[in-house]
Each structure stands twice: as C-alpha cells, then as structure tokens.
Amino acid sequence: MPRTPKNGGLCRDTDLRIPVTSEQKALIQEATSDEPEGMASWARGVLIQAARKKVENKPREDQEKTKTADPSSQDLKFRFQKLASQWKKETAHQSSLAVKADHQAYQEILSLGKAVVPLILADLKDSRAMWFPALRELTGANPVPEESRGVLQEMVDAWLQWGRGQGYVV
C-alpha cells in the first residue's frame, strides 16, 4: 500500500516518477483530503496503478513518430526477410492457409513479436502474401470487413489502410 508523506504529496517510491501536473496533484489531494487515512492511501494507490498502466501502454515519443522497423535493428529485418523467403518458397505449392500458417518459418516470424508488423505490412503491400493470420495474432485487430473476406485485394487494402491509421509507414 502506498505511503502518504506528511505534506500530502505522492511518495517517490510509489509514483514511479510519473509526471503529475500541479492541477492533477491538487485534484488528487482534494479527492482524498476528507477521507480517512486508509481511504486516501487506497485512492492514491488506484490512481498510481492507473497511471502506471497508462505509461506502460503509451508508446514512447520516438516510437510514435514513425512506426517503422527500427533502422538500428537490421538484424530483425534480415531475419524476417530470410524467414519470409523460406516460408514463401516452402509453402508456394500449398493452397491451405492453415498449412501455410503452421509452417516453422511462419511461426518463427510470429515469435519475433509486434516489432515485425511494419515489415509484414511492407511485404504484404509488395507481395500480397498471406500474412493475415500473423497480423491478426500480432495486433489483435481484424480490419477486413466480412464482405471482403476471401477477396485478396480487398483484404490487403483493408490491412494497409489499418496500418496507415495506426501510424505505420506503408
């Protein structure tokens, strides 16, 4: 449970150095000033927990500006390209999307996490490869309207539009 300093401010060890404006601090103090000490501590704890989640989920400024693969991560790009090439070559004869998605190289690409989303979108734009299950799994999104399912060009366009809307450069 967060400690409350005698001056009524937030403790440095409980606020995780989350920036709090003077207005926010005043609102917190006002909201908890008339409550018993236990309630004030509880309220501060809830507010701090919410702020932590917000900070954890908020992209850093440098990530928000351009959601492209980090130029310094050429290893990631090279690894993705190598795995994607292997996957395409070894599954070219397959018509089943489930079989393609079950391929070892495809699964390794998924294990690279969200960092490969811009690379997948770029490849989708260039090659129209079946990246749809990977994109759904990595992003939790499915922007393809029901009436477009099964229509390759419309599915590609829906994902590229989604990517642009999320700030990815595609």
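The values are calculated or read from the model by the stated rules, or taken from the named source; none is laboratory data. All values reported here derive from a predicted model rather than from experimental measurement. In this analysis, Cβ positions are derived from the backbone assuming ideal geometry, glycine residues included, and neighbour counts consider all displayed protein chains.
Whenever a residue of the range 101-119 is closer than 15 Å to S85 by Cβ, its partners that are surrounded by fewer than 21 Cβ atoms within 10 Å (Cβ to Cβ) and of a type in the set (D, E), lying with C-beta atoms within less than 9 angstrom and at least six residues away or across chains, give the pairs H103/E90; Q104/E90; A105/E90.
S95 passes every criterion in (1) closer than 18 Å to G167 by Cβ; (2) among the polar types (S, T, N, Q); (3) loosely packed, with under 10 Cβ neighbours inside 10 Å; (4) at pLDDT 60 or above apart from (1). Within the range 122-134, one or more residues are among the hydrophobic types (A, V, I, L, M, F, W, C) and touching a Phe, Trp or Tyr at 6+ places or on another chain (Cβ under 6 Å). A count restricted to the range 144-169 and to residues that are crowded, with 18+ Cβ neighbours inside 10 Å and under 20 Å from A84 (Cα atoms) stands at 5. Out of A141, A129, A134, one residue alone is surrounded by 12 or more Cβ atoms within 10 Å (Cβ to Cβ), part of a helix (DSSP H, G or I) and touching a helix residue (DSSP H, G or I) at 6+ places or on another chain (Cβ under 9 Å). It is A134.
Taking residues in the range 124-153 that are in the same structural domain as D102 (by TED's automatic domain parsing), and partners anywhere that are surrounded by 11 or more Cβ atoms within 10 Å (Cβ to Cβ) and in a loop (DSSP other than H, G, I, E, B), the pairs with Cβ atoms closer than 6 Å and at least 6 places apart or on different chains are L124/W131; K125/V170; R136/N142.
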